[in-house]
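Working notes, structure below.
The values are calculated or read from the model by the stated rules, or taken from the named source; none is laboratory data. What you are looking at is a predicted structure, and each value in this text was computed from that prediction instead of being measured. Note that each Cβ is placed from the backbone with ideal geometry, even for glycine, and that neighbours are counted across all protein chains shown. These area figures cover heavy atoms from the full protein model, side chains too; ligands, DNA and RNA do not enter into them. Shrake-Rupley method; radii C 1.70, N 1.55, O 1.52, S 1.80 Å.
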Amino acid sequence: MNQAVAGAFETLCIHYGEDRRSDHGAVTPPIHQSSTFAYPDAESFSGRYAESPARYDYTRVANPTTDLLEKKIAMLERGESARAFGSGMAAISAAVLSCAGSGDHVICVETVYGPTRRLLDEYLPRLGIEATFVRGIDVADFGGAIRPNTKLIYVESPSSLFFELQDLAAVAQLARTRGIATICDNSNATPYFQNPLDAGIDLVVHTATKYIGGHSDLVAGVVIGSAERIARLSTREGELLGGISEPFTSWLMLRGLRTLAIRMERHQETAQAIARRLESEPRVARVYYPGLASHPQRTLAARQMRGHGGMLSFRLKDDGRRRAFALVDALQYFFIAVSWGGYESLAIPLEARDPESGEPCWIVRLSVGLENQVDLLRDLEHALNT
Ligand SMILES: *Cc1c(COP(=O)(O)O)cnc(C)c1O
């Protein structure tokens, strides 16, 4: 099969963009682990910028393995084009800088991923870019923060930690009418469960370190959007800041994508079972999982998402440090580690502020992996009882 263009998500993950005839029939594409590409003669070398389509020249600009990954992820996110980066933060910083410069203002959800918040709050003011943080569950939160120099609205839906949603279509519409760009971090839902570009968002960013990679063995990121926006971002923030995805890392992402659909289905199934079990547990005060019928934004979730991944958090009634630590320490199958979205289950205690009451509390955040559901439920049961 060659360059299959139609089919459902999991079929596209396997077949889209692959030219197996030119790779001796190899079902897995080769890794073009080369920094530079040779020309056949001096004439083609000297005319290299005039050629269309452009030849491969230098891997910081473009690489065939990374190109395949970018084509595939763009298709899955329903965008025209994509650019891969060496980490999620490299993708996010490039995307933000492609939309805002000195004198501009950015609006961002306050529950955004921590380092994204630090980029906007601590680093970008040095470049003359200011940010305002809003709760974001109501589109009016964004409207009220718009200034004449607002150039970007940055959302993350579902957000980290409490998994709150933003109404993507409403935010996109608000921004469009005022000439403001929009970026959505879609790492949690993945393109399997949500496509923000379809809602009118301009750029989607992912940390591919999490679900896209899926095996906790790579660090990478990706930005998806219109051909025009991505071409501009590639030649400026991509080539000049230089945070590229290595060919081997791009190949690992391609491998991760083959099983993304089946992994997300399993993450969802097990996380749902765990969330429901925790909700019925008298010692648990609150479960934060957008897939629960009790989630305050379930109507919005049903409108803009097709499902939910394996991330959830919960707050015990006894929500102090001691109980949260004891519970995490008693777990057998959940590693105590940062990151998420891999095959392995993780659990960490985190000090947070309840988004509704603002009270400080300790919560436990789980990344539900691909272990057997009964084993994980039994492990949690045991830990709750210790
Ligand atoms: C981890 C993470 C990132 C950053 O990705 P890196 O690959 O670690 O740079 C961005 N957004 C979210 C939601 C994340 O969890």
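For the reader, a short list of remarks on this structure follows.
- Residue within the stretch 65-82 that is without any contact (Cβ under 8 Å) to a residue 12 or more places away in the chain and at negative phi present: yes
- Taken over the stretch 151-165, the criterion of being of a type outside the set (A, V, I, L, M, F, W, C), assigned to a strand (DSSP E or B) and either more than 10 Å from the ligand (Cβ to nearest atom) or free of Cβ contacts under 8 Å to residues at least 24 places away in the same chain (or both) is satisfied by LYS151, TYR154.
- Tally, over the stretch 1-35, of residues that are in contact (Cβ under 8 Å) with a residue 12 or more places away in the chain, more than 30 Å from the chain's Cα centre (by Cα) and within 16 Å of ASP67 (Cβ to Cβ): 0
- Being in the same structural domain as LEU376 (by TED's automatic domain parsing), in a loop (DSSP other than H, G, I, E, B), away from the ligand (no atom under 16 Å from the Cβ) and open to solvent by 70 Å² or more (accessible area, probe 1.4 Å) is a property that ALA302 lacks.
- Being under 30 Å from LEU218 (Cβ atoms) and within 16 Å of the ligand (Cβ to nearest atom) is a property that holds for LEU312.
- Scanning the stretch 94-118 for residues that are touching a strand residue (DSSP E or B) at 6+ places or on another chain (Cβ under 9 Å) and assigned to a helix (DSSP H, G or I) yields a total of 7.
- If you go through the stretch 335-370 and keep only what is open to solvent by less than 50 Å² (accessible area, probe 1.4 Å), under 22 Å from GLU281 (Cα atoms) and not in a strand (DSSP E or B), you end up with SER345, ASP354, PRO355, VAL368, GLY369.
- Residues within the stretch 90-99 that are away from the ligand (no atom under 16 Å from the Cβ) and buried (at least 24 other Cβ atoms within 10 Å of the Cβ), tallied: 1
- Criterion (modelled with pLDDT under 95, out of contact with any Lys or Arg (no Cβ under 7 Å at 6 or more places or on another chain) and open to solvent by 10 Å² or more (accessible area, probe 1.4 Å)) met by exactly one of SER216, SER280, SER294, SER226: SER294
- Criterion (closer than 20 Å to ILE92 by Cα, in contact with a helix residue (DSSP H, G or I) (Cβ under 8 Å, 6 or more places away or on another chain) and open to solvent by less than 10 Å² (accessible area, probe 1.4 Å)) met by exactly one of VAL134, VAL171: VAL171
- Applying a threshold of 8 Å to beta carbon distances and a minimum spacing of six or more residues, or different chains, the list of pairs starting in the stretch 198-222 at a residue that is over 16 Å from GLU77 (Cβ atoms) and ending at one that is within 12 Å of the ligand (Cβ to nearest atom) and assigned to a strand (DSSP E or B) reads THR209/GLY221.
- Restricted to the stretch 206-256, and to residues there that are within 18 Å of THR190 (Cα to Cα) and touching a His at 6+ places or on another chain (Cβ under 7 Å), the residue that is nearest to the ligand (Cβ to nearest atom) is GLY221.
- Considering the stretch 112-128, and only residues there that are open to solvent by less than 30 Å² (accessible area, probe 1.4 Å) and within 16 Å of the chain's Cα centre (by Cα), the residue that is farthest from the ligand (Cβ to nearest atom) turns out to be VAL112.
- Pairing each residue of the stretch 319-333 that is free of Cβ contacts under 8 Å to residues at least 40 places away in the same chain with any residue that is buried (at least 17 other Cβ atoms within 10 Å of the Cβ), provided the two are 6+ apart or on different chains, yields C-beta distances under 6 Å for ARG323/LEU316; PHE325/PRO349.
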